[in-house]
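Peer 1: Structure below; questions to follow.
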Ligand code: ADP
Ligand code: MG
């Protein structure tokens, strides 16, 4: 296993409920380190660009509306096998299918408002990190 970095987003349903600290405890106790972090309110255009990979999916418009409906916390997580590890800690996309002990099981509300985003592969992690952070802003 190699030390990797991955992009994490705490979504508007979670910032709204003031549970960003609770969510980050899952990452830290799960062996990941927050090496960059900022709170943003995405514009519609930024949300559309970030989720462009999903542009053809039926939920794209609603997803973009949702992601710019309130603040988000964008962060870079670092650790052994961080991309897969983050996804394990997050749990399945639909909280109804997420395993016990995962973030989405604990705090996710529904398939859209599922509290966290995580990159799904090394190429997307690199692209998504660069979307939000410069090298100077990532401090390991
Ligand atoms: P994940 O976030 O687990 O990688 P996807 O990449 O498939 O999941 O989807 C991106 C995001 O789009 C999800 O996290 C969720 O917020 C939203 N989403 C996924 N599927 C649906 C759906 N069927 N209806 C509404 N929103 C969805
Ligand atoms: Mg995804």
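Peer 1: Please verify whether the range 64-82 includes one or more residues that are closer than 20 Å to residue 14 by Cα, over 12 Å from the mean Cα position of the chain (by Cα) and within 12 Å of ligand 2 (Cβ to nearest atom).
Peer 2: no
Peer 1: Here's something else I'd like to know. Restricting to the range 127-140, name every residue that is in contact (Cβ under 8 Å) with a residue 60 or more places away in the chain and more than 19 Å from residue 63 (Cα to Cα).
Peer 2: Across the range 127-140, the qualifying residues are 129, 133, 137, 138, 139, 140.
Peer 1: Here are 114, 86: which of them is within 11 Å of ligand 1 (Cβ to nearest atom), surrounded by 14 or more Cβ atoms within 10 Å (Cβ to Cβ), part of a helix (DSSP H, G or I) and in contact (Cβ under 8 Å) with a residue 60 or more places away in the chain?
Peer 2: None of the others qualify; the one that does is 86.
Peer 1: So residue 22 fits all but one of (1) more than 12 Å from the chain's Cα centre (by Cα); (2) under 18 Å from residue 124 (Cβ atoms); (3) touching a residue at least 60 places away in the same chain (Cβ under 8 Å); what number is the exception?
Peer 2: Result: residue 22 fails condition (2) only.
Peer 1: Since residue 137 meets every condition but one in (1) within 14 Å of ligand 2 (Cβ to nearest atom); (2) surrounded by fewer than 17 Cβ atoms within 10 Å (Cβ to Cβ), which condition does it not meet?
Peer 2: Condition not satisfied by residue 137: (1).
Peer 1: Here's another thing I want to ask about it. Give the residue that is surrounded by the fewest Cβ atoms within 10 Å (Cβ to Cβ), with candidates limited to residues of the range 117-134 that are out of contact with any strand residue (DSSP E or B) (no Cβ under 8 Å at 6 or more places or on another chain) and in a loop (DSSP other than H, G, I, E, B).
Peer 2: Among those that are out of contact with any strand residue (DSSP E or B) (no Cβ under 8 Å at 6 or more places or on another chain) and in a loop (DSSP other than H, G, I, E, B), it is 134.
Peer 1: With respect to residue 93, determine if the residue is modelled with pLDDT of 95 or more, part of a loop (DSSP other than H, G, I, E, B) and within 13 Å of ligand 1 (Cβ to nearest atom).
Peer 2: So residue 93 fits the description; yes.
Peer 1: Residue 32 fails exactly one of the following numbered conditions: (1) crowded, with 19+ Cβ neighbours inside 10 Å; (2) more than 16 Å from ligand 2 (Cβ to nearest atom); (3) within 13 Å of residue 108 (Cα to Cα). What is the number of that condition?
Peer 2: The failed condition is (3).
Peer 1: Just need a number here: residues in the range 41-59 that are buried (at least 16 other Cβ atoms within 10 Å of the Cβ) and either more than 13 Å from ligand 2 (Cβ to nearest atom) or more than 15 Å from the chain's Cα centre (by Cα) (or both).
Peer 2: Total satisfying the criteria: 4.
Peer 1: Can you report the number of residues in the range 77-101 which are within 20 Å of residue 16 (Cβ to Cβ) and touching a helix residue (DSSP H, G or I) at 6+ places or on another chain (Cβ under 6 Å)?
Peer 2: The qualifying residues number 4.
The values are calculated or read from the model by the stated rules, or taken from the named source; none is laboratory data. Since this is a predicted model, take the numbers as computed values, not measurements. Cβ sites come from the backbone with ideal geometry, for glycine too, and all protein chains shown count toward neighbours.
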